[in-house]
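Enquirer: My questions all concern the structure below.
What follows draws every value from the coordinates through simple rules; no lab data is involved. All of these numbers come straight from a predicted model, not from anything done at the bench. Every residue, glycine among them, receives a Cβ derived from its backbone with ideal geometry; neighbour counts consider all protein chains shown.
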DNA sequence: GACGTACGATTACATTTGTAGTCATACGGG
DNA sequence: CCCGTATGACTACAAATGTAATCGTACGTC
């Protein structure tokens, strides 16, 4: 279980996390904005995601409706920990420091993070 | 430039960011703790990193000394932004929220992040 | 000066990924 | 009832990746 989801596959997952279930054509339509894949490509990605148990299908007539079989929160949690482990020895603060230094933190971002931390300290 | 560095290659880079220059044998030795690659495998990774311009070499007699050709900070910055863009729409706070929820934030981590933010607000 | 040996270079090969094309077929329209 | 068409399944194929073996050769040792 929990096979790795590739970048291209991830884009498909995002569509379905945003709205599901959808059939292949619909998924393709929704991806058209960001990707220039053919329908065939999208279908390949869908099959691979199904074999990886990342998507579940439900027959609707002679087509399938696809829906996520894993929660976005679970996926994001897994990826985040992998990432922070790999680059920052598992600690979040160096990542924040990194963002701070590259000035990618807006005042709102800062405020939001502070609010989160306040919450945690209670 | 800036070709993507794979996971295995990244492990090699870490060794050299920690201490450089080193020859292949030394890098292999230092990786032995964490990876069970053969020397041949390490050499392949080294060559690939050299073709990707991620490492530079310096001849020492008939062997090479390898050293990073890119800064760890630059690499980490790039990877961090890619990651946060992909999963959190470029905003850091949701990532912090994610860590907060999965209770992966130690009190020290929280303190460090707060200190960082204080610094930024000045 | 021959010989093993330590090196980088070259080659190998399975798997994953990105990107699609082709095939069989069931369904809906006339 | 036949035909085009939409759809999932299967096939294709190059590039990247993980993992390693082999090859040619310069070097140091006897």
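Enquirer: Looking at A:10, A:19, which is the one that is within 27 Å of residue B:96 (Cβ to Cβ) and either within 15 Å of DNA strand C (Cβ to nearest atom) or over 17 Å from the mean Cα position of the chain (by Cα) (or both)?
Expert: Details: A:19 fails: either within 15 Å of DNA strand C (Cβ to nearest atom) or over 17 Å from the mean Cα position of the chain (by Cα) (or both).
When all the criteria are applied, what remains is A:10.
Enquirer: Specify which of the listed residues (B:14, B:79, B:9, B:71) is within 25 Å of residue A:82 (Cα to Cα), out of contact with any strand residue (DSSP E or B) (no Cβ under 8 Å at 6 or more places or on another chain) and loosely packed, with under 15 Cβ neighbours inside 10 Å. Steps first, please.
Expert: On the way: B:14 fails: loosely packed, with under 15 Cβ neighbours inside 10 Å; B:79 fails: loosely packed, with under 15 Cβ neighbours inside 10 Å; B:9 fails: loosely packed, with under 15 Cβ neighbours inside 10 Å.
None of the others qualify; the one that does is B:71.
Enquirer: What number of residues within segment A:60-77 satisfy the criterion of being in a helix (DSSP H, G or I) and free of Cβ contacts under 8 Å to residues at least 60 places away in the same chain?
Expert: The total comes to 5.
Enquirer: Something else about it: Go through the residues of segment B:49-59 one by one and say whether even a single one is part of a helix (DSSP H, G or I) and in contact (Cβ under 8 Å) with a residue 12 or more places away in the chain. Explain how you work it out, then say what you get.
Expert: Pass one, segment B:49-59, residues part of a helix (DSSP H, G or I): B:49-51.
From what's left, in contact (Cβ under 8 Å) with a residue 12 or more places away in the chain: B:49-50.
Yes: segment B:49-59 contains one or more residues that are part of a helix (DSSP H, G or I) and in contact (Cβ under 8 Å) with a residue 12 or more places away in the chain.
Enquirer: Those residues that are within 11 Å of DNA strand D (Cβ to nearest atom) and closer than 22 Å to residue B:4 by Cα, I need them from segment A:1-44; list them, please.
Expert: Residues satisfying the conditions are A:4, A:6, A:7.
Enquirer: Further question: Restricting to segment B:88-105, what's the tally of residues that are in a loop (DSSP other than H, G, I, E, B) and more than 10 Å from residue A:93 (Cα to Cα)?
Expert: 7
Enquirer: Mind counting the residues in segment B:1-37 that are closer than 17 Å to residue B:48 by Cβ, in a loop (DSSP other than H, G, I, E, B) and within 13 Å of chain A (Cβ to nearest Cβ)?
Expert: Residues in segment B:1-37 being closer than 17 Å to residue B:48 by Cβ, in a loop (DSSP other than H, G, I, E, B) and within 13 Å of chain A (Cβ to nearest Cβ): 3 in total.
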